[in-house]
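What follows is a short report on a single structure.
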Amino acid sequence: MSRSLFWLSDQAWAAIEPHLPRNQLGARRVDDRRVISGIIQMLKCGGRRADYPPEYGPSAMVYNRWNRWSRRDVWTGILEALTEEGWVAETSQINSSYIKAQRSAGCANVGPAPSASGLCRMF
């Protein structure tokens, strides 16, 4: 099965790169463009580790970057900067078509309806 990978365009990367954190303590960060592309891919596929392509690097690295930058509000800063520059609309819509339902929601595991006398015994 061929997977369609997401890669940031040169134009999109040029808009995002100036807003990334600089002079961070610790080990040198790996290619930010590859990791951010991997984060966007994970958001597109619902965040399932089984769907994560190895072309973006280790999945733990992508998760850790997302998690650390989320706690430090780096993503909020990037989004605000891109909104001010006109790259992103100030208002957006979120599609919530992917919603998990309980197994019983589809009535697949429901037995025969209780009779009137059965209801009286239950209450």
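A few notes on this one:
- The loop-placed trypsin sites (Lys or Arg not before Pro) in the stretch 56-90, going by DSSP, that have at most 16 neighbouring Cβ atoms within 10 Å of their Cβ come out as 72.
- Heavy-atom surface of the stretch 1-86, accessible at 1.4 Å and reported per residue (Å²): 67
- Restricting the stretch 1-89 to GluC sites (Glu not before Pro) in coil, as DSSP defines it, with at most 14 other Cβ within 10 Å: 85
The values are calculated or read from the model by the stated rules, or taken from the named source; none is laboratory data. Only a predicted model underlies this, so the values are computations on that prediction, with no experimental measurement involved. Counting neighbours? That spans all protein chains shown, and the Cβs are built from the backbone with ideal geometry, glycine included. For accessibility, only protein heavy atoms count, side chains too; no ligands or nucleic acids. Shrake-Rupley method; radii C 1.70, N 1.55, O 1.52, S 1.80 Å.
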